[in-house]
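Below is one structure, written out as structure tokens; the observations come after it.
What follows draws every value from the coordinates through simple rules; no lab data is involved. Predicted, not measured: the structure shown is a model, and the values here were computed from it. In this analysis, Cβ positions are derived from the backbone assuming ideal geometry, glycine residues included, and neighbour counts consider all displayed protein chains.
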Amino acid sequence: MKRVGFIVNPVAGMGGAVGLKGTDGEETLKKAIALGAKPIAPMRAEIFLSHLKKMNCEFCLFAAAGKMGEMEAKRIGLSCISVGKPKEKTEPSDTKISAELLMKEGIDLLVFCGGDGTARDIMDVIDLNLPVLGVPTGVKMHSAVFAVNPEAAARIAARFLSDGLPLREAEVMDVDEEAFREGRLSAKLYGYMLVPYEAEYVQSVKMPSSQSESELRNQAAIAVYFIEKILEPNVVYILGPGTTTRTIADLLDQKKTLLGVDLLLNNKIVAKDVNEEKILRYIEGKEAKIVVTPIGGQGFIFGRGNQQISPRVIRKVGIQNIIVISTRNKLYNIRSLRVDTGDPELDEALRGSIKVIIDYNQTASVIVR
């Protein structure tokens, strides 16, 4: 019987909805908790395990002790062998220790729940020695070792355990969180891990935006069209991260945060780098619309780097009030658009065909998966 190792970083993703762009470091975690952040990883870990449990494959689960995997397995009624000692307060070193212990158990696949920081910790131990699969639960997931969502991770794991899947070396990327919070994207390639590969279910590495002349002209044309034909008075526009959304603010002579979520009302940025609660408070009693651009190479419009635009925000604004903008080049290099909000029902409602503004007075119909 195949052996599956399982590790959960219990604090991964807690900084997203509160606008902290990550939870690396003890002080950042304390700030996230003070802002009302709730654990994300345990819930998504249970979604993964519950789907894997339903699938027709036999395996023996070895889980990191306590809240790092064992508790999640027990909550859904999945038997497991606990590895290591449970800890109330976990650190990155605990992820590494768990990975080392699981390797000694002779596992065939290591599944971890976390973000890019967790992927780096796993890579430091595993390297290219055995297959690894990430269940996305972090804020910034630029690496290519993650499935597109927890259910997809379960499908990949089941296929790998039952029938086998090809392995490929996938990039482990991470960003400097301090620079990220200051609006500077400093991404770095740290190495590679072996990942069971199924194109539909494994995300690509994040691609940086092109700064070519044609790309900048395309962004400007989209922004001009948005300002001239779409922008309405007395409507709050929730502008997601990205250079394409920032160009709209630039042409209005407003300064938008590149990596944060800002609020635009009557041609003015009225709130910068807002979190979920600030968005909900500001739009109360007002008409609002959401403006997002997909992540380059990955195609996500929700659930990667913009968790401030949470399921609560999307439901309050209304799916019909979502506006997607993208340059032609970015859209050309994306197989489809993706959503991973953490709310399976909302994700299902968001899937289907959507119009994407790609140039002045030009749109393209794109499938959201």
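Between Ile47, Ile301, Ile81, the Gaussian network model of the chain with springs among Cα atoms under 10 angstrom shows the greatest mean-square fluctuation at Ile81. Summarising the label geometry, the points placed 7 Å from Cα in the beta-carbon direction at Lys355 and Leu216 lie 3.0 nm from one another.
Considering only DSSP beta bridges whose two residues both sit in the chain, what percent are antiparallel, to the nearest 5?
Values: 24 of 57 bridges.
Of those bridges, close to 40 percent are antiparallel.
For segment 213-368, the mean projected area of the C-alpha convex hull, equal to one quarter of the hull surface, is 8.1 nm².
Using R₀ = 25 Å, calculate the FRET efficiency as 1/(1 + (r/R₀)^6) where r is the Cβ-Cβ separation of Lys229 and Lys255; round to 0.05.
Numbers: r = 23 Å, r/R0 = 0.94.
With a Förster radius of 25 Å, E is 0.60.
Against the chain, whose longest principal axis is taken from its Cα atoms, helix 150-162 shows a tilt of about 40°.
Separation of segment 334-355 and segment 236-306 by C-alpha centroid, Å? A separation of 19 Å, based on Cα centres.
Relative to the dominant Cα principal axis of the chain, helix 213-225 is inclined by about 60°. Measure up Lys104/Lys188; Lys31/Lys140; Lys38/Lys87; Lys54/Lys87; Lys2/Lys87; Lys31/Lys289 against 21 Å on the Cα-Cα distance and list the ones that go over. In this structure, Lys104/Lys188; Lys54/Lys87; Lys2/Lys87; Lys31/Lys289 exceed 21 Å between Cα atoms. Dipole of the chain computed with +1 at Lys/Arg Cβ and -1 at Asp/Glu Cβ about the Cα centre; of Gly342, Asn149, Ile283, farthest Cα towards the positive end is Ile283.
With θ taken as phi - 60° and the Karplus curve 6.51 cos²θ - 1.76 cosθ + 1.60 applied, the whole-hertz 3J(HN,Hα) list for segment 129-137 is 7, 7, x, 10, 9, x, 8, x, 9 Hz, x standing for glycine and proline.
Can you pull out the GluC sites (Glu not before Pro) in segment 263-368 that DSSP calls coil and that have at most 12 other Cβ atoms within 10 Å?
Numbers: sites: Glu276, Glu277, Glu284, Glu287, Glu345, Glu348; in loops: Glu284.
Here the sparse-neighbourhood loop sites are Glu284.
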